[in-house]
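Note sheet for the following structure.
The values are calculated or read from the model by the stated rules, or taken from the named source; none is laboratory data. Just so we're clear, the structure is a prediction, and the values are computed from it rather than from any experiment. Because the Cβ atoms are built from the backbone with ideal geometry, glycine has one as well, and the counts that use them run over all protein chains shown. SASA here: full protein model, heavy atoms, side chains in, ligands and nucleic acids out. Shrake-Rupley method; radii C 1.70, N 1.55, O 1.52, S 1.80 Å.
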Amino acid sequence: MFEHKSVLLEETVDSLQIHAGGIYVDGTLGGGGHAFEVLKRLDGTGRLIGIDQDADAVAAASDRLAVYGGQVQIVRSNYVRIAEILDSLGITKVDGIYLDLGVSSYQLDHAERGFTYREDAPLDMRMDQRNPQTAADIVNTYEEADLYRIIRDYGEDRFAKNIAKHIVAARQKKPIETTGELTEIIRASIPKKIQATGGHPSKRTFQAIRIELNQELEVLNRSIDTMIERLKPGGRLSIITFHSLEDRIVKSRFRQNENPCICPPEFPVCTCGRVSRGTVITRKPILPSEEELAGNKRAKSAKLRVFEKR
């Protein structure tokens, strides 16, 4: 069963300002937790378009949301294709779009998906099982310099160079095929005194490989402007991030859409002609409550940012 505890549920749905007859897009449908609450507030009117690339998520959400019948349309795809998805459904503009960028509890808790470093399983990490490339391909075929780059940039691990070196040395003896094998290599790359105080040693490297494999940051960066473009005036885009790299992209793209002017600051008036596309609603991100954190430790790093279309 696909289980996932929706993070910042009330805050996210509140931020969308749901109204009767509206059309809303869930770009990361997962188990349908946020979607169910959106549909509840639509109260029998409007539509929800759910997008997810994970076959297990699509199946689970289809079952959970079946009670809403024709109000729901679920598409197995990546939200980066939101424009063509909406075009295929004959929808020009929508009233709200939201993303929950976290790895689902289901993906983490089912070791065979290869996302967790806490159990030994095939080194997979694909969010879309149709992707021919897996995490094992990255670990076993990337040049040492490229492994170093992604672990440094996407994992923000200060031992990235040593981890990359150990991965390349290990795979020369035999291919690295499981999460357990990779974890042991990472452990051997990090000083024991650091491991004792710095959390699980594999966390940052697994994050880096997952981001690279699923192109998570590129997809997010490419999608935000398009999503804002597809909002009706007054429509909102709400995004939940879980690490600083995602949050930085969202904050930057929102700011650039609010103030796209590229004129030198000394110019008395704007001459570039770039017009603001809306307003950043959240000057500071919305964070989980103490109550939510007590009941769901995976909410710890969540941040919600909201943009309203002009």
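Assorted remarks:
- Nearby aspartates and glutamates by direct alpha-carbon distance to Lys300 (threshold 13 angstrom, same-chain neighbours under 8 apart not counted): Glu290, Glu291, Glu292
- On Cα atoms only, tilt of 216-229 relative to the major axis of the chain in degrees: 0 degrees
- Using θ = phi - 60° and Karplus 6.51 cos²θ - 1.76 cosθ + 1.60, couplings along the range 73-86 (whole Hz; Gly, Pro as x): 10, 10, 10, 7, 6, 9, 4, 4, 9, 4, 5, 5, 5, 5
- Helix 55-65 axis, angle to the chain major axis (alpha carbon atoms, nearest 10°): 40 degrees
- Think of it as helices only: each DSSP H run of n ≥ 4 in the chain is worth -39500 (n - 2.57), and spread over all residues that comes to -12500 deg cm²/dmol at 222 nm.
- Antiparallel DSSP beta bridges within the chain, percent to nearest 5: 40 percent
- Heavy-atom surface analysis with a 1.4 Å probe gives the range 1-109 a carbon and sulfur content of 48 percent of its accessible area.
- Couplings for the range 231-246, taken from phi via the Karplus curve 6.51 cos²θ - 1.76 cosθ + 1.60 with θ = phi - 60°, read 7, 6, x, x, x, 10, 10, 10, 10, 9, 10, 10, 8, 4, 5, 5 Hz in order; Gly and Pro are left as x.
- Label-point separation, Lys300 to Gln73 (7 Å along Cα→Cβ), nm: 4.1 nm
- Share of pairwise Cα separations in the range 151-310, more than 21 Å, in percent: 61 percent
- Measuring how big the range 46-134 is from its alpha-carbon positions, Rg and Dmax come out at 15.0, 46 Å.
- Fraction in percent of alpha-carbon pairs per bin - 5 Å, the range 1-43: 5, 23, 35, 23, 10, 4, 1
- Two-decimal log10 I(q)/I(0) for the chain, as the Debye equation yields it once each C-alpha is a single scatterer, q = 0.07, 0.13, 0.15 Å⁻¹: -0.31, -0.97, -1.20
- Tensor-based shape of the range 143-195 (alpha-carbon gyration tensor, a/c under 1.5 rounded, otherwise prolate or oblate): oblate
- On Cα atoms only, tilt of 160-171 relative to the major axis of the chain in degrees: 60 degrees
- Using bins of 10 Å that start at zero, the share of Cα-Cα pairs per bin across the range 1-105 amounts to 16, 54, 30, 1, in whole %.
- Eligible lysines near Lys232 by straight Cα distance, threshold 19 Å, same-chain separation 8 or greater: Lys93, Lys309
- GluC sites (Glu not before Pro) within the range 229-310, DSSP loop, no more than 12 other Cβ atoms inside 10 Å: Glu266
- Rg/Rh for the range 90-219 stands at 1.03; both radii use Cα atoms, and Rh follows the Kirkwood definition.
- Set of lysines with alpha-carbon distance to Lys173 below 29 Å, sequence-local pairs under 8 removed: Lys161, Lys165, Lys192, Lys193, Lys203
- Per-residue Karplus couplings for the range 138-150, computed as 6.51 cos²θ - 1.76 cosθ + 1.60 with θ equal to phi - 60°, are listed in order as 5, 4, 9, 10, 5, 4, 4, 5, 6, 4, 4, 4, 6 Hz, Gly and Pro entered as x.
- Using a Förster distance of 30 Å, the FRET efficiency for Asp153-Lys174 (Cβ separation, nearest 0.05): 0.60
- Taking all protein chains as shown and a probe of 1.4 angstrom, Lys203 keeps an accessible surface of around 120 Å².
- Under the simplified labelling scheme, the Glu290-Glu229 pair shows an inter-label distance of 4.6 nm, with each label point 7 Å from Cα along Cα→Cβ.
- Here Asn221 and Glu266 are evaluated by their C-beta separation; at R0 = 30 Å the FRET efficiency comes out at 0.50.
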